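The values are calculated or read from the model by the stated rules, or taken from the named source; none is laboratory data. This is a predicted model, so every value here is computed, not measured. Counting neighbours? That spans all protein chains shown, and the Cβs are built from the backbone with ideal geometry, glycine included. Only protein heavy atoms, including side chains, enter the accessible area calculation; ligands, DNA and RNA are left aside. Shrake-Rupley method; radii C 1.70, N 1.55, O 1.52, S 1.80 Å.
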Amino acid sequence: MDNQALSPVEIRDMLIAVSDKIIESEALLSEADRKLGDGDHGLGMQRGFTAAKSQLEALEPKTAGDVLTTIGMALMASMGGASGAVMGMLFQSGGMALANAASLDASGLSQFLDAAREGVCNLGGAKPGDKTMVDALAGAQESGQAAIDGSTSEAFAAVAAGATDGMEKTKAMIATMGRAKTLGEKSIGHPDPGAVSVSIIFQTMSDYVNQR
Ligand code: ADP
Ligand code: MG
């Protein structure tokens, strides 16, 4: 563990920053979903992260898992829809892997992402290439594994870049899951809205860690 590891309180504050960023990205996320789905992704994410933020503000966390499972349960309970289940599961499954972790470093981030990817893929059945948030999450997870021996801030930066790269790749894909499936080849050219959200989430985490 390097000396930059995040304390539970820092993880909470990082996720409050993520909540603010998602809440202010409502229009961008809804517009992305208007191209491929029913246009409600931004509102769902805004609702979920508003609920998560109010629970985080009241939380005095003892472990990394406390913060991450709190956000997971808040998203599942408040969002609904396909993305409520998968976004909730990302934090819930990932957080369970860090249930006893007193801090978060590069290795912990990788453990979080391994468990998050497994949980989301088991729940929703999507694989990389299906044009869903799994493409961004898989990009984050693979970059997290590659960054395991580096510093905490390098790992967060690598994970953010991996998530964004995974999101960018969804532009060229044909949707095979969720509402966008009915568009077939017309889905080409637009990024998956859930992948845009995942990219924003990990970029905001990296900004927090690298600006401390
Ligand atoms: P809904 O599709 O219910 O309107 P949202 O618009 O909030 O929900 O979210 C859509 C996003 O959910 C998609 O962009 C995609 O990333 C994600 N999604 C949908 N189905 C799945 C699935 N089976 N696995 C992973 N992600 C999924
Ligand atoms: Mg939608």
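Of note:
- Over all pairs of different C-alpha atoms in the chain, the reciprocal of the mean inverse distance, the Kirkwood hydrodynamic radius, equals 16.6 Å.
- Partners for Lys127 among lysines (Cα-Cα distance below 26 Å; same-chain residues under 8 apart left out): Lys35, Lys169, Lys171, Lys181, Lys186
- Ser19, Ser103, reordered so the largest accessible area comes first (probe 1.4 Å): Ser103, Ser19
- Highest average packing first - 51-64, 129-142, Cβ atoms within 10 Å: 129-142, 51-64
- Mean accessible surface per residue for the chain, computed with a 1.4 Å probe while every protein chain stays in place, in Å²: 42
- Only helices enter the 222 nm calculation for the chain: every DSSP H run of n ≥ 4 contributes -39,500 (n - 2.57), and dividing by all residues gives -23500 deg cm²/dmol, rounded to 500.
- Relative to the longest principal axis of the Cα atoms of the chain, helix 41-57 runs at roughly 10 degrees.
- Working from Cα pairs under 8 Å separated by at least six residues, relative contact order for the chain is 22 percent.
- Among Glu168, Glu26, the order of accessible area from largest down is Glu168, Glu26, computed with a 1.4 Å probe on protein heavy atoms.
- Met76 accessible area, 1.4 Å probe, all protein chains in place, Å² to nearest 10: 80
- Per-residue SASA entry for His190, accessible area with 1.4 Å probe, Å² rounded to 10: 50
- Portion, in percent, of the accessible area of the chain that falls on carbon or sulfur, probe 1.4 Å: 53
- Ile148 exposes around 70 Å² of accessible area when a 1.4 Å probe is run over every protein chain in place.
- Cα long-axis angle, helix 106-124 against the chain (0 to 90 degrees, to the nearest 10): 30
- If only the Cβ of Lys and Arg carry +1 and only the Cβ of Asp and Glu carry -1, the dipole of the stretch 8-210 around its Cα centre is close to 640 debye.
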